[in-house]
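Working notes, structure below.
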Amino acid sequence: MYTTPPQPQGKKRVSLLVLLLLILLGWWLFFFHERSPLDPEAEPRQISARGDLAADEQNTIELFRVASPAVVYITNIELRRNLFSLNVYEIPQGTGSGFVWDKEGRIVTNYHVIESASRVEVTLADRTSWKATLVGVAPDKDLAVLRIAAPADKLHPLPIGESHSLLVGQKVFAIGNPFGLDQTLTSGIVSALGREIKSATGRTIQGVIQTDAAINPGNSGGPLLDSAGRLIGVNTAIYSPSGGSAGIGFAVPVDEVNRVVPELIRYGRVIRPGLGVSVANEQIAKRLGVSGVLIISVQPGSRAEAAGLQGTRRVRGEILLGDIIVGVDGHEVVSYDDLRNALDRYKVGEVVVLAIEREGERLELSLTLEEVG
């Protein structure tokens, strides 16, 4: 009978070692070896039902649908002449936003959007472009009115709201063309009321609305709307070290807009009420230790002369300071800017009570405001 001779002990060890290595290799290939990312049996995933939109979403969608046709894209174009060929060519100097004011083709925007423009082009929401003519500007309020010859059926004016009844926390919506991206909607709340910002002339614009709705370069001149889609302000500035939205935007309140725009349409400028006096430069007043507005001269035949206001004059070789205006109808006046802002609350022909200081005494005088240039 034949029997298999016994295997040497060394060969058994080698066989066991090989078997162990094969097991380890298989384990590594299974767990660590990179599998192909492709799956030939991949199929689209099943779509989940959306359900109805939330009520506030529906309101926002409807607001944008109704209001966006009123918002326009404004291009500020500068004419330049080539020094060598003497050819004149146009260069876009900047862009901004605006909105349709009425069916006659009037467009409202910021003054700084069209400042120094040789030509202004307005693009409506339907992408048609129109050459704009300047109607009037109010640099102190950073407002301007343009006009285009578009037919009435292309013009969709915004409903006008009110700003004096706004409350901090109300929802607001801004539509404009940030960075040239037209018809952009952002939303937020009224963050604060009664703010002050500087206009292009350095004058203070009072009663400004602060919002955290994203406002970026190119939004300037566009509308700020309430949740009913009514105009409550004109977006005019942002506070941002980087130049982008930092959640602090400002809008000229609609109550001011609704007062200024009709005057620009009627007269091409704002009819300012005044006193009929000339006043001292603020630096001179400070050097003299004057707190208030120092009157230098009173115009002959003016309402100021009729009211008895006195200007600075020389008496027996000595300079006698004129009246110093320190208040208007209970509003404190420290600077000329204060005086202008106080008078802006009134119309030509209205009567105000001036608080003045004269030779150390405080007096009150009634005066009828007159038109000033």
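A few points about this structure:
- Identity of the residue in the range 331-348, in a loop (DSSP other than H, G, I, E, B) and either among the hydrophobic types (A, V, I, L, M, F, W, C) or touching a residue at least 24 places away in the same chain (Cβ under 8 Å) (or both), that ends up surrounded by the most Cβ atoms within 10 Å (Cβ to Cβ): 333
- Qualifying residue in the range 51-72 (condition: at pLDDT 75 or above, in a loop (DSSP other than H, G, I, E, B) and surrounded by 10 or more Cβ atoms within 10 Å (Cβ to Cβ)): yes
- Whenever a residue of the range 113-126 is within 12 Å of residue 146 (Cα to Cα) and assigned by TED's automatic domain parsing to the domain that holds residue 75, its partners that are aromatic (Phe, Trp, Tyr) and part of a strand (DSSP E or B), lying with C-beta atoms within less than 6 angstrom and at least six residues away or across chains, give the pairs 122/130.
- Matching residues in the range 113-134 - criterion: being surrounded by fewer than 21 Cβ atoms within 10 Å (Cβ to Cβ) and not in a loop (DSSP other than H, G, I, E, B): 119, 121, 123, 129, 130, 131, 133, 134
- Counting only residues that are exposed (fewer than 13 other Cβ atoms within 10 Å of the Cβ) and not β-branched (Val, Ile, Thr), the range 351-362 holds 4 of them.
- Any hit, the range 225-244, residues being surrounded by 14 or more Cβ atoms within 10 Å (Cβ to Cβ), under 28 Å from residue 345 (Cβ atoms), of a type outside the set (S, T, N, Q) and without any contact (Cβ under 8 Å) to a residue 12 or more places away in the chain: yes
- The residue that is nearest to residue 144 (Cα to Cα), counting only those in the range 76-112 that are surrounded by 15 or more Cβ atoms within 10 Å (Cβ to Cβ), at pLDDT below 90 and polar (S, T, N, Q), is 76.
- Enumeration of residues in the range 138-186 that are buried (at least 22 other Cβ atoms within 10 Å of the Cβ) and of a type in the set (Asp, Glu): 142
- Candidates 154, 198 - the one that is free of Cβ contacts under 8 Å to residues at least 40 places away in the same chain and out of contact with any Leu (no Cβ under 7 Å at 6 or more places or on another chain): 198
- Counting the residues of the range 249-308 that are within 19 Å of residue 337 (Cα to Cα), of a type in the set (Asp, Glu) and surrounded by fewer than 17 Cβ atoms within 10 Å (Cβ to Cβ) gives 1.
- The set of residues in the range 248-279 being part of a loop (DSSP other than H, G, I, E, B) and in contact with a Ser or Thr (Cβ under 8 Å, 6 or more places away or on another chain) consists of 248, 275, 276.
- Of the criteria (1) modelled with pLDDT of 85 or more; (2) over 14 Å from the mean Cα position of the chain (by Cα), which one residue 225 fails: (2)
- With respect to the conditions (1) within 21 Å of residue 265 (Cα to Cα); (2) not assigned by TED's automatic domain parsing to the domain that holds residue 114; (3) not polar (S, T, N, Q), residue 138 falls short on a single one, namely (2).
- Residue match in the range 127-143 (condition: aliphatic (A, V, I, L, M), at pLDDT 95 or above, within 19 Å of residue 231 (Cβ to Cβ) and under 19 Å from the mean Cα position of the chain (by Cα)): yes
The values are calculated or read from the model by the stated rules, or taken from the named source; none is laboratory data. What you are looking at is a predicted structure, and each value in this text was computed from that prediction instead of being measured. Note that each Cβ is placed from the backbone with ideal geometry, even for glycine, and that neighbours are counted across all protein chains shown.
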